[in-house]
C-alpha cells in the first residue's frame, strides 16, 4: 500500500505487501523486499538494497552518500538484510570505493538518531543505542549491544556478544564476550547476563573468564601464550585467541 503523497521513482523496485506512508522519498536504483513498512518523512536513497520485514521509522535517511571527502560519486551500495528496525532519524550511509558497500545483517535494532558510516559491517541481532555514532569501515559482530551515545573510531572491530557502556569512546578493538566501559574504555569483565540469556553454560562462561584473566594479568602476548599452554580449547576460547592474534588491527582495549 503506497500513499499517493509519497514519491517513488519509477526505477525503484518495491516488494509485495509493503506499507509506504505519506511524504516518503524513494530514489531510483533502490530495491525493497516484501512486507516492509516505510514510515512518513523517511528517505530511501539510491544504492539501497533492503530485504524483507524491515521497519523504517520517521525521518530516517537510508542509503545516503558517504561522509567521506574521498567519495566522488562511485557506484556503491547499502545492503540491508531482514527483520531490522530502523528508528527515527537514523542515518545509514552506503559504501565508498574502499569496500564498495555497507552491510547490515538481520534482526538488528538501530535506535533513534544513530549513524552507521560508510563501508561498515553490522552483523545480526545487534542493538545500536540512541545517538551512537559509528565511523567508516567499522565491523560490529553478532549480538553486540552498544548503549546510547557511544562513539566508535573508524576501522574498529567489535567482537560478538559484547556490551558497551553508554557514552563510551571506542578507539581500539573490543574482543568477544566482554563488557567495555569507564573512561578511557577498558575491559570490565565478561558479559555474563547476555551470555546466560543466549544459552551459554556456566562452564563456558567460566572458561571465557579464565581466558581473559590470563590475557589481562600481564602483557597480552604473554597472556595468550599462557591460555594456549594451560586452558582446554573450546570454540569460544579459540575465537578469543583468533580475535586478538589475527582479527584485531588496532589492538584490544586495556584493563
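The values are calculated or read from the model by the stated rules, or taken from the named source; none is laboratory data. Not measured: the values here are computed from a predicted model. A quick note on method: Cβ atoms are made from the backbone with ideal geometry, for glycine too, and the neighbour counts reach across all protein chains shown.
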Return yes when residue 14 is surrounded by 18 or more Cβ atoms within 10 Å (Cβ to Cβ), closer than 23 Å to residue 107 by Cα and more than 24 Å from the chain's Cα centre (by Cα) and no when it is not. yes
Quick check: is even one residue across the stretch 138-156 outside the structural domain of residue 48 (by TED's automatic domain parsing) and farther than 24 Å from residue 251 by Cβ? yes
Output yes when any residue across the stretch 144-154 is modelled with pLDDT of 95 or more, within 17 Å of the chain's Cα centre (by Cα), buried (at least 23 other Cβ atoms within 10 Å of the Cβ) and within 24 Å of residue 77 (Cα to Cα), and no when none is. yes
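So that you can scan it fast, the table gives a plain yes or no per residue for (1) crowded, with 17+ Cβ neighbours inside 10 Å; (2) modelled with pLDDT of 95 or more; (3) in a strand (DSSP E or B):
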| residue | (1), (2), (3) |
| --- | --- |
| 167 | no, yes, no |
| 180 | yes, yes, yes |
| 183 | no, no, no |
| 193 | no, yes, no |
| 200 | yes, yes, no |
| 209 | no, yes, no |
| 212 | yes, yes, no |
| 221 | no, no, no |
| 224 | yes, yes, no |
Exclusive hit being free of Cβ contacts under 8 Å to residues at least 40 places away in the same chain, within 19 Å of the chain's Cα centre (by Cα), surrounded by 20 or more Cβ atoms within 10 Å (Cβ to Cβ) and within 22 Å of residue 113 (Cβ to Cβ), set 48, 85, 91: 91
Just to be sure, is residue 65 under 20 Å from the mean Cα position of the chain (by Cα), crowded, with 19+ Cβ neighbours inside 10 Å and modelled with pLDDT of 95 or more? no
Checking residue 148 against (1) under 23 Å from residue 167 (Cβ atoms); (2) in a strand (DSSP E or B): exactly one of these is not met. Which one? (2)
Every residue from the stretch 28-64 that is touching a strand residue (DSSP E or B) at 6+ places or on another chain (Cβ under 7 Å) and either outside the structural domain of residue 112 (by TED's automatic domain parsing) or part of a loop (DSSP other than H, G, I, E, B) (or both): 30, 33, 36, 39, 42, 45, 46, 47, 51, 54, 57, 60
In the stretch 29-43, is there at least one residue being at pLDDT 95 or above and over 19 Å from residue 84 (Cβ atoms)? yes
Out of 78, 69, I need the residue that is part of a loop (DSSP other than H, G, I, E, B) and farther than 19 Å from residue 20 by Cα. Which one? 69
